[in-house]
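Shown next, in structure tokens, is the structure this report addresses.
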Amino acid sequence: MARVLAGAGARVSAGARRVERLSALTAEITAAGGEARAVPLDVTDAASITQAMAAAEAAFGPLNILVNNAGISRSDRAETMAMADWDAVMETNLRGVFAVAQAAAQGMKDSGGGSIINIASILGERVAGGVAAYAVSKAGVVQMTKALALEWARHGIRVNAIAPGYMETEMNEGFFATEAGTALIKRIPQRRLGEPRELDGPLLLLASDAASYMTGSVIPVDGGHLVSSL
């Protein structure tokens, strides 16, 4: 998403905990003619969020687009899940998303508005076994998106979400090589996993003025999974 936004002309501050990977990413964007800088960011740490927002503003001026996509998962049956795992997922996926959105909105309110794009999941709309914490956290992101859209519309801040279906990423590539993963793919109406590039269109729509009358929307990108029969 950082590459796509930079390619469309945005000046990008990429924030995450793994700074060495951020540095490689921003170097790639710069080499391609874009503008980007790496910003250390831990969404579970209030001080880190404040520092990241300040660094982004110092580099490129007021923030007007936020892609809020930090997320982790813990897989276990609900009856045996450790509360520490539940708390870790909620702290990053729900509390962290809210904290970053709140910090961004405070600046956007003063600078005339902007677009906040939360990354939810189709598991915020439907459920699967063994991922109760993740599904609940993403359902919270869906409802949070709508609540923030309502409160912040008057300030020119649009809040929308993208709800990806099953995309092949570092987080899940091992699972989809298993028999259970192959069986899940067969239940997707398009009979395949999504590719990250297939999120580019919704991302650019929500980030741009083309979506100026959209707020509180949740866009599924899932190969038809949400409309498949039970």
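Pull up segment 185-207, narrow it to residues that are of a type outside the set (D, E, K, R) and in contact (Cβ under 8 Å) with a residue 40 or more places away in the chain, then point me to the one that is nearest to Leu226 (Cα to Cα).
Ile188
Please verify whether segment 92-102 includes one or more residues that are buried (at least 19 other Cβ atoms within 10 Å of the Cβ) and under 25 Å from Gly34 (Cβ atoms).
Checked against the condition, which is being buried (at least 19 other Cβ atoms within 10 Å of the Cβ) and under 25 Å from Gly34 (Cβ atoms), segment 92-102 yields at least one hit.
Would you mind finding the one in Val142, Val43, Val127, Val39 that is touching a Gly at 6+ places or on another chain (Cβ under 6 Å) and part of a loop (DSSP other than H, G, I, E, B)?
Checking each option against the conditions leaves just Val43.
Restricting attention to segment 46-75, which residues are in contact (Cβ under 8 Å) with a residue 60 or more places away in the chain and outside any loop (DSSP other than H, G, I, E, B)?
Those that are in contact (Cβ under 8 Å) with a residue 60 or more places away in the chain and outside any loop (DSSP other than H, G, I, E, B): Ile65, Val67.
Give Glu168, Glu198, Glu179, Glu151 a once-over and let me know the one that is under 22 Å from Val67 (Cβ atoms), in the same structural domain as Arg77 (by TED's automatic domain parsing) and modelled with pLDDT under 95.
Glu168
Six or more apart or on different chains, Cβ atoms under 7 Å: show the pairs whose first residue is in segment 76-98 and touching a residue at least 24 places away in the same chain (Cβ under 8 Å) and part of a loop (DSSP other than H, G, I, E, B) and whose second is aliphatic (A, V, I, L, M) and surrounded by 11 or more Cβ atoms within 10 Å (Cβ to Cβ).
Sorted first by the residue in segment 76-98, then by its partner, the pairs are Ala78/Ala132; Met81/Ala132; Met81/Ala133.
Out of all the residues in segment 157-197, which are hydroxyl-bearing (Ser, Thr, Tyr) and either surrounded by 12 or more Cβ atoms within 10 Å (Cβ to Cβ) or touching a helix residue (DSSP H, G or I) at 6+ places or on another chain (Cβ under 9 Å) (or both)?
Tyr166, Thr169, Thr182
In this structure, does Ala14 turn out to be within 19 Å of Ile162 (Cα to Cα), at pLDDT 95 or above and not in a helix (DSSP H, G or I)?
Yes.
From the residues in segment 20-29 that are surrounded by 14 or more Cβ atoms within 10 Å (Cβ to Cβ) and within 18 Å of the chain's Cα centre (by Cα), which one is farthest from Ala58 (Cα to Cα)?
Leu25
Going through segment 30-55 one residue at a time, which ones are farther than 14 Å from Arg3 by Cβ, surrounded by 15 or more Cβ atoms within 10 Å (Cβ to Cβ) and among the hydrophobic types (A, V, I, L, M, F, W, C)?
Val39, Leu41, Val43, Ile49, Ala52, Met53, Ala55
The values are calculated or read from the model by the stated rules, or taken from the named source; none is laboratory data. As the structure is a prediction and not an experimental result, all values here were calculated from the model. Here the Cβ is made from the backbone with ideal geometry for all residues, glycine too, and neighbour counts use every protein chain on show.
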